[in-house]
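K.L.:
Next up is a structure, given as structure tokens.
The values are calculated or read from the model by the stated rules, or taken from the named source; none is laboratory data. Nothing here was measured: the structure is a model prediction, and the numbers come from that model. No Cβ is skipped: glycine too gets one built from the backbone with ideal geometry, and neighbour counts run over all protein chains shown. Just the protein is used for accessible areas: all its heavy atoms, side chains included, with ligands, DNA and RNA removed. Shrake-Rupley method; radii C 1.70, N 1.55, O 1.52, S 1.80 Å.
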Amino acid sequence: MVGGGRRASTPSDRHVGSSRSGRGDRPRRKICDVLGAAHEAGVVHGALAASSLSPDSEHGLIVHDLGLAATLESPSPTSASAMDPRQLGHLAPEQLEGKPATIASDVYAVGVLLHRLLVGRPPYADGHALGKYLRERLTTSPSLVTVDVNLPTNLALLVDRCLSLDPTERPATMADVAA
């Protein structure tokens, strides 16, 4: 998310729309507003990544790349093999297991984006081997409270909840993430 109307190329553009005191509040709320509206319309994104977001002077933020979007009434399983490899790091553990995208999986993806926005790196170590990657993804990420002690505790705990391996332990709605 960078200025000048350019498309976001990496989630580590971490200071856009935030000040050190507000650490990610504006982008978090914008992302949650857009995805919340989609969820209310019965649509889940299913493959949200930084490359799915573009700043827009009229609307503030555009979410695109709805290639894996599904309706909540008739979900389709994620085809990880058909995805851009940059999106794999944002998939929820249940999606990596072949389960359909849900609101909870979109919440997980927002957690990954927030983690990168706040500390400039993903919650899991980058690995090129798929096996190593899957092992890392199916284990709990280090708590953001310990990763960056300068973050407000409530924000760090929110990101930790978004990244829970158990979808039922994640915030239930985008409004809960935005609050």
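So that you can scan it fast, the table gives a plain yes or no per residue for (1) modelled with pLDDT of 85 or more; (2) small (Gly, Ala, Ser):
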| site | (1), (2) |
| --- | --- |
| 29 | yes, no |
| 68 | no, no |
| 76 | no, yes |
| 80 | no, yes |
| 94 | yes, no |
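K.L.:
Is it fair to say residue 38 is in a helix (DSSP H, G or I), at pLDDT 85 or above and over 13 Å from the mean Cα position of the chain (by Cα)? It would help to see each step written out before you state the result.
P.N.:
Working: in a helix (DSSP H, G or I): yes; at pLDDT 85 or above: yes; over 13 Å from the mean Cα position of the chain (by Cα): yes.
Taking the combined requirement at face value, the residue satisfies it.
K.L.:
Being touching a residue at least 40 places away in the same chain (Cβ under 8 Å) and open to solvent by less than 30 Å² (accessible area, probe 1.4 Å) is the filter here, so list the residues in the stretch 39-60 that pass it.
P.N.:
39, 44, 45, 46, 47, 48, 49, 50, 51, 53, 54
K.L.:
So residue 8 ticks every box in (1) within 16 Å of the chain's Cα centre (by Cα); (2) modelled with pLDDT of 65 or more; (3) surrounded by 13 or more Cβ atoms within 10 Å (Cβ to Cβ) but one. Which box is left unticked?
P.N.:
Condition not satisfied by residue 8: (2).
K.L.:
Determine the pairs where a residue that is within 18 Å of residue 177 (Cβ to Cβ) and among the β-branched types (Val, Ile, Thr), located within the stretch 115-143, has a partner that is modelled with pLDDT under 65 and open to solvent by 30 Å² or more (accessible area, probe 1.4 Å) with Cβ atoms under 8 Å apart, the partner being 6 or more residues away or on another chain.
P.N.:
Between residues of the stretch 115-143 that are within 18 Å of residue 177 (Cβ to Cβ) and among the β-branched types (Val, Ile, Thr) and residues that are modelled with pLDDT under 65 and open to solvent by 30 Å² or more (accessible area, probe 1.4 Å), the close pairs are 119/14.
K.L.:
Give me the residue from the stretch 134-154 that is open to solvent by 60 Å² or more (accessible area, probe 1.4 Å) and part of a helix (DSSP H, G or I) and, out of that set, modelled with the lowest pLDDT. Quick ask: steps written out before the conclusion?
P.N.:
In the first step, residues of the stretch 134-154 are kept if they are open to solvent by 60 Å² or more (accessible area, probe 1.4 Å); the result is 135, 138-140, 142, 146, 149-150, 153-154.
Filter once more, so that each one left must be part of a helix (DSSP H, G or I): 135, 146, 153-154.
On the way: 135: 58, 146: 85, 153: 90, 154: 91.
Out of the qualifying residues, it is 135.
K.L.:
Is there a residue being open to solvent by 70 Å² or more (accessible area, probe 1.4 Å) and either modelled with pLDDT of 90 or more or in a helix (DSSP H, G or I) (or both) anywhere in the stretch 111-131? Give the steps one after another, and end with the answer.
P.N.:
Keep residues of the stretch 111-131 that are open to solvent by 70 Å² or more (accessible area, probe 1.4 Å), which gives 121, 126, 128, 130.
Checking the rest, the ones that are also either modelled with pLDDT of 90 or more or in a helix (DSSP H, G or I) (or both) come to 130.
Yes - at least one qualifying residue is present in the stretch 111-131.
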